[in-house]
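Asks: I have a structure here, written as structure tokens, and I will follow up with some questions on it.
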Amino acid sequence: MRLFDTLTRTEHDLRPIDGSTYRFYCCGPTVYGPAHIGNFRTFVLQDVFRRTLETGGTRTLHVRNITDVDDKTIRDSQAAGQSLNQFTTGWTKKFHTDCEKLGLLPPHIEPGAVDHIPQQIAMIAKLIEKGNAYASDDGSVYFKISSFPGYGRLSRLDERELHLGKTQNARSSSDEYEKGSLSDFVLWKSRKPEDGENFWPSPWGEGRPGWHLECSAMIQEYLGDSFDLHSGGVDLVFPHHENEIAQSQCACGGHFAANWFHIAHLLVDGGKMSKSLGNLYTLEDLAARGHTAMEARYVLIGAHYHKPLNFTLDSLSGAREALAKLAKGARQLAARIDADTRLTSAGFGPFQAAWDSLNHDLNTPGALGGIFTGLRESANLTGTEAAAALAGFNRLLRALGLTLPEEVLHPSSEIPQAVQALADSRWQARLAKNWAESDTLRAQLAEQGWLVKDGKDGYTLEPAGS
RNA sequence: GGCGGAGUAGCCAAGUGGUAAGGCAAUGGUUUGCAAAACCGUCAUUCGAGGGUUCGAUUCCCUCCUCCGCCUCCA
């Protein structure tokens, strides 16, 4: 598989550096509230990335952290009257539930920051020892960015600093590279009254770790000095990932991540998501509007990860139809297969182009297009060919993490007895050619939000689509 | 202001130096008591605007316009 690398800005062939297992790290959620679909765009694409590697026969080691101590978790846990641990445990559970609904494979390792305080302290101590960090008077510790020549490579800070330098020089003649410059970032935050109970002892006094350091320490613990790939949303490029590189390379000396995989943001109705605009959707918000998590997943993989995706509620309805079409295609393919044919083919048949798309910079929309095209081309396959095609189709859907059981297509709303009775009466009226009665009952069902689909030998009921 | 990304049909969205995938919606037909569903079709001479290079550009270069992100916490 080939993938664009943020650092070198070129496509790389992905091969495990240890020769056997592709080891990668994803920055996980900060658990202080429900994750929204923008967060999930990142996690879903990371999941497709992993599934594509695995479908292609590569073993993976997927590490994704939980940020369970920072300003927001502390602030909101206090507001909720809970201990930090109670608070973050609750939201972590909620996150896991959402992930499951979206069909995300659980990471092999999911470390939390609070459980790795000793590792973080050890890393800070090493940075101080090597001259890359210094303690301030109040007991905080800062990373000295001037001590790391590579600082800013990932986010092209060179160009930006040229500009910053100019404006700063215009305003003041002070040396921006002086020790203690404002750009140095914090590794250890000294204890403050508003932290409440949430502090830990350290050689520099009581306090808590800085956010950037948490990831570096956990990466060191589970993936070591050098690993295959690091991923997150584009907004993490600077400063988070830039700082991780600085900390880890200075403390551990390895190459850190061989590849950087950043996922573009999700827009809603063409603009940024925000609570104030009321367009920040969680899975629950979507469920309240009658949309399944699988529909959301389909929408989220409907654009290339490198481009911003414009999310709309209409696109969810479109996703429902598209998923239904995929399910129908699979059924038709299955119907062509002779009973004694086994699905053993290793290729992708008519879906080869779709598979190729996925392996070329994780082109998920290209892959979806290829699947529909492949389905159309499958119309006249022989039983054996159809068996091979269906095997390819299934593997492709597994790589994309799409599942098509009926209950996904038709949300498993229980049909109330009264509705069922109404529908039965209508069917009887229809059989009796009592059209007026039949139409009246159909209208009543519609009022109650149910759609009748007549067939030759019966009917089906569906909740009216939104 | 700096840096990065993006502008493709009503909407979502691939792609390519050689003449525009796919999905949704819409629409014509078949079917239907009528609808819906289903099935078969149709649906961008054109890729933000203007120049340039080229036999040929949507794809490369330049200018301009617009949008988004980062520069402070953020997937």
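Here's the yes/no breakdown for (1) surrounded by fewer than 18 Cβ atoms within 10 Å (Cβ to Cβ); (2) at pLDDT 90 or above; (3) part of a strand (DSSP E or B); (4) aliphatic (A, V, I, L, M):
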site: A:A303; (1), (2), (3), (4): no, yes, no, yes
site: A:L326; (1), (2), (3), (4): no, yes, no, yes
site: A:L333; (1), (2), (3), (4): no, no, no, yes
site: A:D338; (1), (2), (3), (4): yes, no, no, no
site: A:A346; (1), (2), (3), (4): yes, no, no, yes
site: A:P350; (1), (2), (3), (4): no, yes, no, no
site: A:A353; (1), (2), (3), (4): yes, yes, no, yes
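Asks: Step by step: first the residues of segment A:416-438, then only those that are exposed (fewer than 13 other Cβ atoms within 10 Å of the Cβ) and among the hydrophobic types (A, V, I, L, M, F, W, C), then the one that is nearest to A:D457 (Cα to Cα). Which residue is that?
Replies: A:L431
The rows are residues; the columns are (1) under 19 Å from A:I219 (Cα atoms); (2) modelled with pLDDT under 95.
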position	(1), (2)
A:M1	no, yes
A:R9	no, yes
A:Q46	yes, no
A:E54	no, no
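Asks: Could you look through segment A:8-33, keep only residues that are in contact with a Leu (Cβ under 8 Å, 6 or more places away or on another chain) and not acidic (D, E), and pick out the one that is farthest from RNA strand B (Cβ to nearest atom)?
Replies: A:T21
Asks: Six or more apart or on different chains, Cβ atoms under 7 Å: show the pairs whose first residue is in segment A:10-27 and within 19 Å of A:D47 (Cα to Cα) and loosely packed, with under 14 Cβ neighbours inside 10 Å and whose second is aliphatic (A, V, I, L, M) and modelled with pLDDT under 95.
Replies: none
Asks: Let me ask something else. Considering only segment A:215-258, state which residues are out of contact with any Cys (no Cβ under 8 Å at 6 or more places or on another chain), without any contact (Cβ under 8 Å) to a residue 40 or more places away in the chain and either more than 23 Å from A:D115 (Cα to Cα) or of a type in the set (D, E) (or both).
Replies: Those that are out of contact with any Cys (no Cβ under 8 Å at 6 or more places or on another chain), without any contact (Cβ under 8 Å) to a residue 40 or more places away in the chain and either more than 23 Å from A:D115 (Cα to Cα) or of a type in the set (D, E) (or both): A:V234, A:D235, A:G253, A:G254, A:H255.
Asks: Are any residues in segment A:439-456 within 7 Å of RNA strand B (Cβ to nearest atom) and part of a helix (DSSP H, G or I), and if so, which ones?
Replies: Across segment A:439-456, the qualifying residues are A:D439, A:R442.
Asks: Looking at segment A:305-335 only, could you name the residues that are free of Cβ contacts under 8 Å to residues at least 24 places away in the same chain, more than 8 Å from RNA strand B (Cβ to nearest atom) and among the small types (G, A, S)?
Replies: The one that is free of Cβ contacts under 8 Å to residues at least 24 places away in the same chain, more than 8 Å from RNA strand B (Cβ to nearest atom) and among the small types (G, A, S): A:A335.
Asks: Across segment A:34-58, which residue is nearest to A:I74 (Cα to Cα) among those that are among the small types (G, A, S) and near RNA strand B (Cβ under 9 Å from one of its atoms)?
Replies: In this case the residue turns out to be A:A35.
Asks: Mind listing whichever residues of segment A:269-301 are farther than 21 Å from A:L400 by Cβ, touching a residue at least 60 places away in the same chain (Cβ under 8 Å) and outside any loop (DSSP other than H, G, I, E, B)?
Replies: A:T282, A:E284
Asks: For the condition within 15 Å of RNA strand B (Cβ to nearest atom), among the small types (G, A, S) and more than 22 Å from A:E110 (Cβ to Cβ), what is the one hit in A:G254, A:G302?
Replies: Just one listed residue meets the conditions, A:G302.
Asks: From the list A:A133, A:A35, pick out the single residue that is crowded, with 19+ Cβ neighbours inside 10 Å and within 22 Å of the chain's Cα centre (by Cα).
Replies: A:A35
Asks: Give me a count of the residues in segment A:413-436 that are part of a helix (DSSP H, G or I), within 9 Å of RNA strand B (Cβ to nearest atom) and without any contact (Cβ under 8 Å) to a residue 12 or more places away in the chain.
Replies: Of the residues in that region, 2 qualify.
Asks: Going by the conditions given, is A:H230 more than 10 Å from RNA strand B (Cβ to nearest atom), buried (at least 17 other Cβ atoms within 10 Å of the Cβ) and closer than 23 Å to A:F185 by Cβ?
Replies: Yes, satisfied.
Asks: Given the options A:L105, A:L61, name the one that is away from RNA strand B (no atom under 15 Å from the Cβ), closer than 24 Å to A:I301 by Cβ, in contact (Cβ under 8 Å) with a residue 24 or more places away in the chain and within 13 Å of the chain's Cα centre (by Cα).
Replies: None of the other options fit; the residue is A:L105.
Asks: Separate question: Is it the case that A:A379 is part of a loop (DSSP other than H, G, I, E, B), within 8 Å of RNA strand B (Cβ to nearest atom) and loosely packed, with under 14 Cβ neighbours inside 10 Å?
Replies: Yes; evaluated as a whole, the condition is true for this residue.
Asks: If a residue has to be out of contact with any strand residue (DSSP E or B) (no Cβ under 6 Å at 6 or more places or on another chain) and at positive phi to count, how many in segment A:103-155 make the cut?
Replies: So the answer is 3.
Asks: So in segment A:272-299, with the set limited to residues that are within 8 Å of RNA strand B (Cβ to nearest atom) and of a type in the set (A, V, I, L, M), which one is surrounded by the most Cβ atoms within 10 Å (Cβ to Cβ)?
Replies: For segment A:272-299, the residue satisfying everything is A:V299.
The values are calculated or read from the model by the stated rules, or taken from the named source; none is laboratory data. Quantities reported herein were computed from a predicted structural model and do not represent experimental measurements. Cβ atoms come from the backbone with ideal geometry, glycine included; neighbour counts cover every protein chain shown.
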